[in-house]
Amino acid sequence: MQYWAIQTLNSLALGGLLFLLAAGFSLIFGLMRIANLTHGALYMLGAYIGVSILKVVPNLWAAAILSGLVVAAFGGVLEKLVLRKLGGNVLGQVLVTLGIAFILADFCLVVWGGDPIPVPTPSWLQQPLRVAGLAFPAYRLAVVVIAVLVGIILFYFIEKTRLGAMIRAGVDDREMARAVGIPVSRLFTTVFCLGAALAGAGGVIGGPIMSAYPGLDADMLPLALIVVILGGVGSLTGAFVGSFVTGFVYTFGVALLPDLAYVILFLPMILVIAFRPRGLFGKFAA
Amino acid sequence: MKRWIVLLLACIALPLVSGEYYINLASQILIFAVFASSINLLLGYGGLPTLGHAAYLGVAAYLSALVALKFGLGHLAAAPAALVGTTLMAAAFGLIALRATGLGFLMLTLALSQVLWGTALRWVSVTDGDNGLRGLARPAPFGINLDGATAFYYFSLVITVIALAFMARFVSSPFGAALKGTRDQARRMSALGHDVWMIRWLTFIYAGFWGAVSGLLFVYYHKYIHPVSLSLANSAEGLLAVIAGGSGTLAGPLVGAAIVMLLKNYVSAYVERWNMLLGFVFVVIVVFMPEGVVPGVKRLWRRFISRA
Amino acid sequence: MSFNRRRFIQATGATAAVSAFPGVSVSQNAPIRLGLMTVKTGPLASGGIDMERALVQYLKERNNTLAGRKVELFVGDSGGVPAQSRTKTQELVERDRIQVMIGPLDTASALATDDYIRQAQLLTLSVAAAEDMTQRKPNPWFTRGTSTSSQCSMPLAEYCAKTLKMKRMAVIADDIAYGHEMCAGFMRVFEDNGGKVVQRMFPPLTVPDYGTYLAQLKTNVDGIFLGFAGSNGFRFVRQMNEFGLIKKVTPVGGMTALDEAVLRNMGDEALGIVTSCWYSAEIQNPINQKFAAAFRNEWKYDPGFYAAATYTEAAVLDQTLQRIKGNIEDKPGFMKAVRSGTFDTCRGPVRFDQYGNVVGNIYIRKVERKEGRLVNRVIHTYPNVSQFWTYKPEEFLKNPVYSRDFPPAKNLEP
């Protein structure tokens, strides 16, 4: 009983982290049709920047927000200077994001060195929570709560605000949106910045669980891809559901069938693209 | 045609003027050129961007190694086994991957190769996981020993020339023309009665076959295979080589392969952060020379000629 | 990003000369060309960078001169990719004409380069732990001054059984050969000393988080052996603490689980953890005290496994060269000199067995706080430990190499 309970909570925590990572990715992919392969590196960059911010501002939540803003700014510059030039060249955009990921990874190595840097857990969340004889890290529960909160805020933003409506329009039909007068280019930059911010902040929030280390980008990117393909591109609900499904599949899969860990991870995604390309909630096929 | 002959002569003459290190580097460029050319069949001529081609290189290499190590058979058995096995796998993967086009196709090829990579890493009883397979030998066609740098170089050169010749015939054949048609105007081709899916699937298999050939050359050269050869990074470098050189041309992948290999192996000795440099080159080429180096240079050459 | 123009010009000139005239011979007063095969980019970079720093320190302390000859250092970066390691080694040999190589860092790279080392007859002083290269498939040009994967875990197993009086243990390690070999050695000695290993887990090397493994960990064991490399040990211990498990199950670590490199980032949860290694920055011999102090002075952190590895190999190289009067061109002579006689190094006195592997002290250490920082204090020393522990070499070698399947785990409980 203990084992199943803890594994379930582990799955939820991983799902929460994945949601922070994948929500931005899904929006970018949905609106701009760019598979942003830099997303893992943005997450890692956020984690590292958070580490540096924490030296000056020892509050994890503040560090997460500030780091998110810095990464968002970087994302904005990236979008305007590089991605914009490749408008229409979808493959080019994907490749460029891959190249930028290379550069960012090496940059982080130069600035922060090759050792893994721990991100301290906020002291009031360090002790395990004891409920019904089970001990479970309080911080991981907090991550789930944060993910849900962020999900609610994003949902409200996308569904109830004018900006959100414009984004939804752009995802549904870009040409029509342009024709109706929606400033699609500016929207692109906004969405890219938003996605980058979520990734960067996510990196800091995931820090106490994963730390900041070289290779973090390569570990997180495939997970983001899986979540978004599974959940469906351009759909927040899809990212949310996909994250938790992936969290469960990964956690239980690794525990029950460790040798097939990668197969378990990618098989759902392959099946989805092959037989239901829209994913669970997607607006269009990837 | 004349340009090709000159290039071939230069390649043949290389070992006469260079030390062992450069001959080995040239062998690696040739192997990578075959790999990149096989990607080009899909990307440049078929319009299908694949980010998982390292799978074919890797699986062929592993099959050849496993046949030798686990069954103790020689290369006469291992090479055909590897080629046939990988080509069948390409056929199967093609069935899955071609259910989508564009980005979906890209994601599927990526996912399939990641599954293989993960399997190679975790199926330790077969692949020895992170240790890789070693203790392999190079083949000795007609009894010629290929352990020396020069001998292996000429062997690779022969295989590369054969591969490129076949690919050139393929591309200029009626099938090749149909393939280019599906790249440019898939719907129209369909309306004209061509089976677009079948054309793409056959190309996928053909590209997988040549990827397997490059895999055999790879494992013969290194005498070692490790799961990292199946990784996304390897596929991406191949893709970069094609795009850098110029997709949709025969010479493009060769130039691109040379550029990437030189950067990785030669420049990295002098520039410490060569990873970053590779990333920058990636970005610069894609943004400023999206058609690739070969067409870009051709363009400048024509302008130069017309001015003279 | 640095561009070493002098090296570029030097190397181009040298290459042009050497490649045009492949038969050039080298005179006795020419500098010794030493290669360092390490990892400076990618996830294994922190250890690799330490390797370079310690080696450069050793050479600088001696004015870049060993046994009366100047030493030129060429550094190769494999990025942690075995095929790349092999290519870079070829480059160092064929283009830079190195005569001796220190490294590589990781086991997979050593295995990938094995046949090339044989073919080129490259004198190799290794950091990597690949067991069979000094056991069943010994490479005559390969010596190792650090340790095989299990050389440090076997004494620790005896320590756990006899001194710490543990009866039931779990083992967990990265799912790579290094991890398997370490756990196999540990399990064998622990069970030969009356204990039982009741659980074994091999998480993938790059798993983001250990929650799923911690959930499966049995709590009715006395301790858990950690066979991690890189930063995984530190992450696991931290998460053990967060799950409230660190008080219930005592962690003990292998030689890279709580290395000085990761220890400096840890907190109180690491206090008291026992590990075994062939080195500790706290070893009290004059060579080490000087080395560690100088290293700490320059880089502001204690030297660990990787820094000590190259510093040790450099000392071996230095003393061997002195014994053969600097004549590194005599390769068989060099190998013979390495395998006979003892060497004084920062890890204590060492010598090499007939297979080229080191025989030396293995230290049991405990994490303590000293002068405000965490250190691995030496609490026990096993002298003269070989790669075969207390087993007879012939019998040891008759068994298959340590792996996931050997020795078979007989006492696992579901």
* Sort out which residues of segment B:29-52 are buried (at least 24 other Cβ atoms within 10 Å of the Cβ) and within 14 Å of chain C (Cβ to nearest Cβ), and write them in order of number. => B:I31, B:F32, B:F35
* Matching residues in segment C:133-153 - criterion: being surrounded by fewer than 21 Cβ atoms within 10 Å (Cβ to Cβ), out of contact with any Asp or Glu (no Cβ under 9 Å at 6 or more places or on another chain) and within 21 Å of C:H180 (Cβ to Cβ) -> C:Q135, C:R136
* Asked: Are any residues in segment C:97-109 at the interface with chain B (Cβ under 10 Å from one of its Cβ atoms) and either without any contact (Cβ under 8 Å) to a residue 12 or more places away in the chain or buried (at least 21 other Cβ atoms within 10 Å of the Cβ) (or both), and if so, which ones?
  -> C:D106, C:T107, C:A108, C:S109
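Only one of these is out of contact with any helix residue (DSSP H, G or I) (no Cβ under 7 Å at 6 or more places or on another chain) and over 22 Å from B:T86 (Cα atoms): B:A186, B:A191. Name it.
Values: B:A186 fails: out of contact with any helix residue (DSSP H, G or I) (no Cβ under 7 Å at 6 or more places or on another chain).
After applying the criteria, what remains is B:A191.
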* Asked: Can we say A:V119 is within 14 Å of chain C (Cβ to nearest Cβ), surrounded by 13 or more Cβ atoms within 10 Å (Cβ to Cβ), touching a Gly at 6+ places or on another chain (Cβ under 6 Å) and part of a loop (DSSP other than H, G, I, E, B)?
  -> yes
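Consider C:A337 carefully, then state whether it is touching a Lys or Arg at 6+ places or on another chain (Cβ under 7 Å) and crowded, with 21+ Cβ neighbours inside 10 Å.
Numbers: touching a Lys or Arg at 6+ places or on another chain (Cβ under 7 Å): yes; crowded, with 21+ Cβ neighbours inside 10 Å: no.
No, not satisfied.
Would it be correct to say that C:G233 is farther than 18 Å from C:I273 by Cα, within 11 Å of chain A (Cβ to nearest Cβ), small (G, A, S) and touching a residue at least 12 places away in the same chain (Cβ under 8 Å)?
Values: farther than 18 Å from C:I273 by Cα: no; within 11 Å of chain A (Cβ to nearest Cβ): yes; small (G, A, S): yes; touching a residue at least 12 places away in the same chain (Cβ under 8 Å): yes.
No, not satisfied.
Which one of C:A308, C:A315 is over 26 Å from C:M182 (Cα atoms) and either crowded, with 16+ Cβ neighbours inside 10 Å or free of Cβ contacts under 8 Å to residues at least 40 places away in the same chain (or both)? Don't jump to the end; show me each part of the working.
Numbers: C:A308 fails: over 26 Å from C:M182 (Cα atoms).
Only one candidate passes the filter, namely C:A315.
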* Asked: Can you find a residue in segment A:79-88 that is in a helix (DSSP H, G or I), away from chain B (no Cβ under 14 Å) and surrounded by fewer than 22 Cβ atoms within 10 Å (Cβ to Cβ)?
  -> no
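Could you pull out the residue among C:M201, C:M187 that is at pLDDT 85 or above, away from every other protein chain (no Cβ under 13 Å) and either buried (at least 21 other Cβ atoms within 10 Å of the Cβ) or farther than 20 Å from A:P222 by Cβ (or both)? Give the steps one after another, and end with the answer.
On the way: C:M201 fails: away from every other protein chain (no Cβ under 13 Å).
Selected residue: C:M187, the only one of C:M201, C:M187 that is at pLDDT 85 or above, away from every other protein chain (no Cβ under 13 Å) and either buried (at least 21 other Cβ atoms within 10 Å of the Cβ) or farther than 20 Å from A:P222 by Cβ (or both).
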* Identify the single condition in (1) without any contact (Cβ under 8 Å) to a residue 60 or more places away in the chain; (2) closer than 28 Å to B:G132 by Cα; (3) surrounded by fewer than 23 Cβ atoms within 10 Å (Cβ to Cβ) that C:Y210 does not satisfy, given that it satisfies every other one. => (3)
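Given A:F188, A:F136, which one is in contact with a Leu (Cβ under 8 Å, 6 or more places away or on another chain) and more than 26 Å from A:G40 (Cα to Cα)?
Values: A:F188 fails: more than 26 Å from A:G40 (Cα to Cα).
None of the other options fit; the residue is A:F136.
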* Could you count how many residues in segment B:54-107 are of a type in the set (S, T, Y), closer than 20 Å to B:E237 by Cβ and touching a helix residue (DSSP H, G or I) at 6+ places or on another chain (Cβ under 6 Å)? -> 2
* **Enumeration of residues in segment B:127-159 that are farther than 18 Å from B:A82 by Cα, at pLDDT 85 or above and crowded, with 23+ Cβ neighbours inside 10 Å** => B:Y153
* **Test: A:D259 is within 14 Å of another protein chain (Cβ to nearest Cβ), farther than 24 Å from A:G88 by Cα, surrounded by 23 or more Cβ atoms within 10 Å (Cβ to Cβ) and of a type in the set (D, E)** => no
* **Lone qualifier among A:G234, A:G207, A:G202 - being more than 12 Å from chain B (Cβ to nearest Cβ), in contact with a Leu (Cβ under 6 Å, 6 or more places away or on another chain) and crowded, with 21+ Cβ neighbours inside 10 Å** => A:G202
* **Subset of segment B:126-149 (residues that are closer than 21 Å to B:L230 by Cα and not basic (K, R))** => B:V126, B:T127, B:D128, B:G129, B:D130, B:N131, B:G132, B:L133, B:G135, B:L136, B:A137
* To do: Return only the number of the condition from (1) over 30 Å from B:L42 (Cα atoms); (2) buried (at least 24 other Cβ atoms within 10 Å of the Cβ) that A:W112 does not satisfy.
  => (2)
* Which of the residues that make up segment B:90-138 are β-branched (V, I, T), over 19 Å from C:A83 (Cα atoms), touching a residue at least 40 places away in the same chain (Cβ under 8 Å) and not in a loop (DSSP other than H, G, I, E, B)? -> B:T109, B:V126
* To do: Quick one: count up the residues across segment C:239-284 that are touching a Gly at 6+ places or on another chain (Cβ under 6 Å) and surrounded by fewer than 22 Cβ atoms within 10 Å (Cβ to Cβ).
  => 1
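Name the residues in segment C:179-207 that are outside any helix (DSSP H, G or I) and either of a type in the set (G, A, S) or over 23 Å from C:T107 (Cβ atoms) (or both), would you? Steps first, answer last, please.
We begin by selecting, within segment C:179-207, every residue outside any helix (DSSP H, G or I); these are C:193-207.
Result: C:N193, C:G194, C:G195, C:K196, C:V198, C:Q199.
Take the residues in segment C:70-79 that are in contact with a helix residue (DSSP H, G or I) (Cβ under 8 Å, 6 or more places away or on another chain) and either more than 14 Å from every other protein chain (Cβ to nearest Cβ) or of a type outside the set (A, V, I, L, M) (or both), then tell me which one is farthest from C:G47 (Cα to Cα).
Just the residues of segment C:70-79 that are in contact with a helix residue (DSSP H, G or I) (Cβ under 8 Å, 6 or more places away or on another chain), to begin with: C:71, C:73-79.
Retained after the next criterion (residues that are either more than 14 Å from every other protein chain (Cβ to nearest Cβ) or of a type outside the set (A, V, I, L, M) (or both)): C:71, C:74, C:76-79.
On the way: C:V71: 23, C:F74: 18, C:G76: 14, C:D77: 12, C:S78: 13, C:G79: 12 Å.
Top of the filtered list is C:V71.
A quick yes/no check of all residues on (1) within 14 Å of chain B (Cβ to nearest Cβ); (2) closer than 15 Å to A:L98 by Cβ; (3) small (G, A, S):
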site: A:F25; (1), (2), (3): yes, yes, no
site: A:I28; (1), (2), (3): yes, yes, no
site: A:R33; (1), (2), (3): yes, no, no
site: A:L37; (1), (2), (3): yes, yes, no
site: A:I49; (1), (2), (3): no, no, no
site: A:V56; (1), (2), (3): no, no, no
site: A:L60; (1), (2), (3): no, no, no
site: A:I65; (1), (2), (3): no, no, no
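Residue check: is C:E158 in contact (Cβ under 8 Å) with a residue 12 or more places away in the chain, closer than 29 Å to C:L397 by Cβ and within 20 Å of the chain's Cα centre (by Cα)? Please lay out each step first, then the result.
On the way: in contact (Cβ under 8 Å) with a residue 12 or more places away in the chain: yes; closer than 29 Å to C:L397 by Cβ: yes; within 20 Å of the chain's Cα centre (by Cα): no.
The answer is no for C:E158.
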* Structure fact -> Here the qualifying pairs (Cβ atoms under 6 Å; residues six or more apart or on different chains; first in segment B:274-298 and at the interface with chain A (Cβ under 9 Å from one of its Cβ atoms); second part of a loop (DSSP other than H, G, I, E, B) and surrounded by 19 or more Cβ atoms within 10 Å (Cβ to Cβ)) come out as B:N275/C:T41
* Among the residues of segment B:250-265, is there at least one that is facing chain A (nearest Cβ under 10 Å), at pLDDT 80 or above and farther than 21 Å from B:G47 by Cβ? -> no
* Identity of the residue in segment A:122-138, more than 25 Å from the chain's Cα centre (by Cα) and part of a helix (DSSP H, G or I), that ends up farthest from the other protein chains (Cβ to nearest Cβ) -> A:W124
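The values are calculated or read from the model by the stated rules, or taken from the named source; none is laboratory data. The structure presented is a predicted model; accordingly, all values stated were derived computationally and were not measured. Here Cβ is always computed from backbone atoms with ideal geometry, including for glycine, and neighbour counts include all displayed protein chains.
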